[in-house]
């Protein structure tokens, strides 16, 4: 697939889920909070295009609300990662080789040793499970990723002539970082942001699947899968649909990330991630 | 090389030290009184006092931390509050499931990914390459626990080839154990293999574009010979790094997959410990997981430097 085709297919796929999540804020086919035992485990069709679950909740509505929580968690986690990681990366690059650089990078290494799941386990063990824990765990995990990408991108820019010119003009390191470095690594950050967004969707699904994320009755894709697991023998569709939603959303974001990389900077073009 | 190894060893020790401080702080300082937290709201004050005594919470923070670390260094991880057995025994018992599972998955994903990546790179741009790239793009997007459920649906429910979960124990025979770990290992391995195959492919393509490969071809080697004798070895360097980086994902994945298949491994242990508020178990198992990640990173760093001497100068 060419970069442009990837961008379009990926954009449409993930756009559909963003749209579904946005629409769910104002309208849904059915109320997901209301239990309707009379209509439980209906096959797709009639008033329920994708059927109902064991409590008679409409699967389509559940998937729409699930998209909302997945996207919210992953998006805020990317925000945390960027908000903390980018300034740290800029700081490290501006002080290359100095003690600040060393402190930031060793701190990064330390966080890298804690997979998101382990952070979530630690937080949950002392604060109890909640969707906020999932956001925190994935967000903290994102910090060193953005710090590294930022530092790497910034280091190569610091050697360029126009930065030298800015220094000769008397601008300080902080001002150069914000005015000259940051705009020039924005592309890099957007592409990394898309990748972390898709990893965040996967991580949120995993965390809520094992009960470390969104708590009932809030629908989330991971929770829906956990609840469907015991019924996989009799009602496999309940376990197939949420998983399919995750795959399509993540696939869309990955394709979009690859397409964006090609579109924004042909020099970054890689055969694979 | 020795100097490089020593400097990495120092940073390994520092990382472990820092990680232990973080874990200790989160588990023992944030909840305020761990004993009261573990017992819940309705505990009698005498019970809490007894547990405080048992956990050694009466000493200063500093003394408790030293106690915990020196205990771990000598293999004493404390006593599990819910199981009333040494945590070290629990961990060793559970590792008997988790380690073989992780090893099995690692072996499977490497055995699948390397030939597939090689095949795609050798036929770059052809139908095989396109199919591989499409399949791996999909593989990266599939959550492993969902893939595990689909495997159960097909191979346990429909075909009945494997059981849907559980573990007979190694006492039941090696083959029975391996059979019980097969579906979980495949579920863990395939998404990993997708990433690894992509890395292998792009590393090999990059290597094949190097001048020394052109020289090798010019002196009369076929493409296959050039790949086998020169390109493969060089392409394996980035693959090795990714393999190391993937370790923490493999570990986290194993924890989740164990829950899909009800395997009595470290993952089940830690989730049960969380619901039972057994902080002693959580603290030790988390430290063990982080220890594993840090040590694997260290080993990969060394292996990398052994293969590529340029990295030793820093």
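Things to note:
- Max mean-square fluctuation residue, GNM over chain B, Cα-Cα springs under 10 Å, options B:288, B:14, B:196: B:14
- Residue B:42-residue B:60 pseudo-label distance in nm [points 7 Å out on the Cα-to-Cβ vector]: 3.9 nm
- The ranking of B:47, A:218 from fewest to most other beta carbons within 10 Å of each one's beta carbon is B:47, A:218.
- Compared with the dominant principal axis of the Cα atoms in chain B, helix B:232-260 is inclined by about 40°.
- A helix-only calculation puts chain A at -24000 deg cm²/dmol for mean residue ellipticity at 222 nm, using -39500 (n - 2.57) for each DSSP H run of at least four residues, averaged over all residues.
- Viscosity 0.692 mPa s, temperature 37 °C, Stokes-Einstein D of the stretch B:88-313 from Kirkwood C-alpha radius, µm²/s: 170 µm²/s
- Highest-MSF residue in chain B out of B:251, B:57, B:73 [GNM, Cα springs under 10 Å]: B:73
- When each of B:179, B:219, B:158 is scored by the number of other beta-carbon atoms lying within 10 Å, the sequence from fewest to most is B:219, B:158, B:179.
- Two-decimal Rg/Rh across the stretch B:113-231, once Rg and the Kirkwood Rh are taken from alpha-carbon atoms: 1.16
- Between helix A:182-209 and chain A there is an angle of about 30 degrees, using the helix long axis and the longest principal axis of the Cα atoms.
- Extension gain (nm, one decimal) between residue B:30 and residue B:217, 0.36 nm per residue minus Cα-Cα: 61.0 nm
- Binning all Cα-Cα separations of the protein assembly as shown at 10 Å, short to long from zero, yields these whole-percent fractions: 3, 15, 25, 27, 19, 9, 2, 0, 0.
- Relative contact order, whole percent, for the stretch B:235-314 stands at 33, derived from Cα pairs under 8 Å and 6 or more residues apart.
- Rounded to 10°, Cα long-axis angle of helix A:3-26 versus longest principal axis of chain A: 60 degrees
- Mean separation of Cα contacts under 8 Å, 6 or more apart, over the residue count of chain B: relative contact order %: 26 percent
- Max mean-square fluctuation residue, GNM over chain B, Cα-Cα springs under 10 Å, options B:11, B:60, B:109: B:60
- Length-normalised contact order of chain A in % [C-alpha pairs under 8 Å, at least 6 apart]: 27 percent
Throughout, read-outs are computed from the coordinates displayed, never taken from laboratory work. Keep in mind that this is a model prediction, so the values were computed, not measured. Backbone-built Cβ (ideal geometry, glycine too); neighbour counts: all protein chains shown.
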